[in-house]
Structure formats: structure tokens, C-alpha cells
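Let me begin by presenting the structure, written as C-alpha cells, before commenting on it.
Please treat every number below as a calculation from the coordinates, not as lab data. Source: prediction; values computed, not measured. When we count neighbours, we look across all protein chains shown, and the Cβ atoms used for this are built from the backbone with ideal geometry, even at glycine.
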């Protein structure tokens, strides 16, 4: 690619930038980067940057390790001076991973999301996603000690968290991420950042940046941010509630003026698909042994598979419709947590919804009663199922799932489950402090 081939607006943004970072994720959603100088960037934009994929979790075997990172021009952003060495702006590109022959690499999470997104595009739909990321701020990475004792939407005047979150929001704004709201969450020292809905690929890129920026800003304040789902026993955990909708052009395909919930038949089929497949894909949206310590009764996280409008115990919630705000009609999946791989999480959500549309899956009646307070008999009578209670159960359901294998592709499906199984084995064989404290004195 010659300089003349770069779109004018991008060339203008790149003017004066001498350092670039090429970003991508492994199968678990860990951010990877390569640093490039301005002397190399033009050639790399055309040909890609080679690297050894055998050392990346879930990528390639040793004998087929050569891979290419291809920067996507539309993902370009400039890191502000407060996030870069020597206070110099740095340009970043998210990359698609390809083989040396130029074919999409089957182990690339971003490529997989593009494949499912393109399936929706062929049907005439744009998939929009608005994630809400919750997190805790602690003194350091080894001390899960709250810095305040505030609760949901409490004033942020007390404690250092307020300044940290404000700096995060200001920095996100500088790199073009539209934050709609930030506030204190239910647990002490817990916060939430909500971003405006975006086309799904952009939304996944933004999740990766939000997590990275948040940690960098906290470090500058001498603190630590964790997206661990359940860092404190007895307190609410951190989720990543995800708002979803399909658009046809400028029209929200989820909206119906005549439906009691303002949901179109298409939206109902999509919702049914997500509910039907959620047990199979929970290992993707909740991909950590710690994730399942959040998905328990009593802490506002969803446990049961149901949907409703005002019911906070529902897995899927339909936010209240506001007159004249047709574009805001959406469904909110409340089970994902913020340590997942967003590319794969959004892949399985969309694939499940499209399957519901394709098969015209019927949506059961909403449940507005508090399911946590229902008797077991009533839950059985209503046919209410529950999410997997551990990573082991979630993996078992995922291994049996033809839907998940198709949605992720055999390469990612196989490598993700192998990685999760190793995590489970490490957890299963680890002797915890609780066992020492409670069992050693009596055994």
C-alpha cells in the first residue's frame, strides 16, 4: 500500500505519528500487541506483519506457526499522551489474523466474529451491541480490599474511585469511545461504565480498549482495577450486561409499535434463540472458574433461564420502551462477565439469535415474579431451567453442542475448551486456604 492509497482522513490522522501498535487477542481474550515504527507501517498496512502463532494460546501448532497480522484501517485510533511513553501520541490498529497465503486464520477470534456478522449482513441486518462493564478498584492486585463502603448510585465524593473513573471516561472520550454513563455499583469499591451501542465488531474492539485503558489509568493513580467476576466473598460480582438489537438500514428491526413489549416477531425469535442456546455457550460468555461464583442466587446475577421487563432475576431483560425512541428497543443479556473474550462472546450471542430467527423459535411467556423466591415445584411447573453451576458443567454442555462447534468453528471450539479444561484441572487440584482453615483442625 502506497501513501497515496491511504484514505485522506486516515492519512491526516496518521500525520506526525512515529510509533504504532498492532493489536489482537488470543482465544481467551488476552490482548496481544506488536510495536511498529512509521518507517514500516505503510508496508505493513499492505502486506501484514508476520509473527509466530505457536506461542499464542489457542492459535497454531508448531508445524504451522507462521501467521500474519493485517491491520484494519477502520479500527485506527490514537492513544492520548497520558497513555504513552514520553507523552507522544501512538497510533493503534486492531488486526485480523491471516495465513501467509492470505486466507482468514480459523483460530482468530476477530475473524470469527466477522464471519457471523457477515452472515447477518447477508440477511440485511446490522448487529448492534452496547456492553456495560463492571469492575472493582483495589489497593493492588493482591489485596481485594474495598476503598469505600458505598453502594448503588451513591455519590462518588468519598474515596479515590471517583477520580480514577473520571480519568478513565475522559481518556476513553479522547480515543473516540462514547461513554453514556458511569456510576458506583452495588458492592463497595465497585463501578460500572456503560458505552453507547455500536456495530458489533467496533463494540468488541472497544471492550478490549476499555479494559486496557482502565487498568492503565488505575495504575497511574497507584491503584488496581480488576474485571474478575467475583473477587469478594459475600458481595455482588461484576458482570457485562450486553444490550443487543438488529437494524435494517436506519430502522430498528427489533421494534414493533403493536406488541405489548414493543418487540417485533424477529426480536422474539432472536430472544428465543439466545435462551435456547445459552446453556451451551455459557463457557464462552463466562470463561473462568471464578465466573460461576458470581452466577449464584442472592447477588442479583442471573441464574435461571427466563425473560421479562422489570424482573432483575431474569436472564434476558427487555428495557422499558420510551415513546418516540424506537431505535432504543433492545434486549439485555445479563449473564456475561467482563473477563470473557468479547469477540467470541458476541459471536455466540449473534449466532444463537440468528438460529432462533432461522428456525422461527417461539418465545415463552415472560416471567415477572422473583424467581429466587419461587418454590422448586413452581419453577418446574413453569419449565424454568438454570445456567451451568460450574465451569466443569459449562464445558460438558459446550462439548456436546453442535451449535457451538458451528458458531465458533472447530479450531476455536476445540482450543478454547482445551484451555478451559486446563484451568478447571488447576482449580480442581488446588488446595485452598479455606480447606486448610476449616479441615486441617478437625481431620
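Rank these for me by crowding, 443, 123, 22, 350, going from fewest to most other beta carbons within 10 Å.
443, 123, 22, 350
Taking the beta-carbon count within 10 Å as an exposure proxy, list 68, 440, 240, 34 from fewest neighbours to most.
440, 34, 68, 240
How many angstrom separate the Cα center of region 226-251 from the Cα center of region 398-425?
22
Report the calculated FRET efficiency for residue 52 and residue 30 (r = Cβ-Cβ distance, R0 = 22 Å), to the nearest 0.05.
Calculated value: 0.85.
For Cα pairs less than 8 Å apart in space and 6+ apart in sequence, what is the mean separation divided by the residue count of the chain, i.e. the relative contact order in percent?
With pairs under 8 Å counted, the relative contact order is 15 percent.
Starting with the highest mean, order 88-100, 172-184, 391-403 by the number of other Cβ atoms within 10 Å, averaged over the residues of each peptide.
Highest to lowest by the protection proxy: 88-100, 391-403, 172-184.
In whole Å, what is the distance between the alpha-carbon centres of region 330-393 and region 127-166?
Answer, in whole Å: 27.
Relative contact order for region 62-201: what is it in percent, counting Cα pairs under 8 Å that are at least 6 residues apart?
With pairs under 8 Å counted, the relative contact order is 23 percent.
Working from the pairwise distances between different alpha carbons, so that the mean of 1/r is found and then inverted, what is region 24-175's Kirkwood radius in Å?
One decimal place: 18.9 Å for the Kirkwood radius.
In percent, how large is the relative contact order of region 149-205, given Cα pairs closer than 8 Å and 6 or more residues apart?
38
Run the simple label-point estimate for residue 15 and residue 427 please: 7 Å along Cα→C-beta, distance reported in nm.
Each label point lies 7 Å from its Cα, and together they span 5.2 nm.
So if R0 is 30 Å, what FRET efficiency would residue 66 and residue 418 give, r being the distance between their Cβ atoms, rounded to the nearest 0.05?
The pair residue 66/residue 418 has a calculated efficiency of 0.85.
Relative to the present Cα-Cα distance, how much length would full extension add between residue 40 and residue 122 at 0.36 nm per residue of separation?
25.9 nm
Under the rule a/c < 1.5 gives rounded, and otherwise a/b versus b/c splits prolate from oblate, where does region 40-123 land using the Cα gyration tensor?
oblate
Between residue 233 and residue 250, what length in nm is gained on full extension when 0.36 nm per residue of separation is reduced by their alpha carbon distance?
Full extension from residue 233 to residue 250 adds 1.6 nm.
Per DSSP H run of at least 4 residues, take -39500 (n - 2.57); add these up for the chain, divide by its residues and hand me the 222 nm value, nearest 500 deg cm²/dmol.
Value at 222 nm, helices only, nearest 500: -11000 deg cm²/dmol.
Can you give me the Kirkwood hydrodynamic radius for region 114-434, using every pair of distinct Cα atoms, in Å to one decimal?
Averaging 1/r across every pair of different Cα atoms and inverting gives 20.2 Å.
Residue separation times 0.36 nm, minus the C-alpha to C-alpha distance between residue 325 and residue 220: what's the value?
Stretched fully, the residue 325-residue 220 segment lengthens by 33.8 nm.
When 67, 266 are ordered from fewest to most other Cβ atoms inside 10 Å of their Cβ, what list results?
Fewest-to-most Cβ neighbours within 10 Å comes out as 266, 67.
What spacing in nm lies between the two simple spin-label points modelled at residue 180 and residue 8, each 7 Å away from Cα in the Cβ direction?
It is 3.5 nm.
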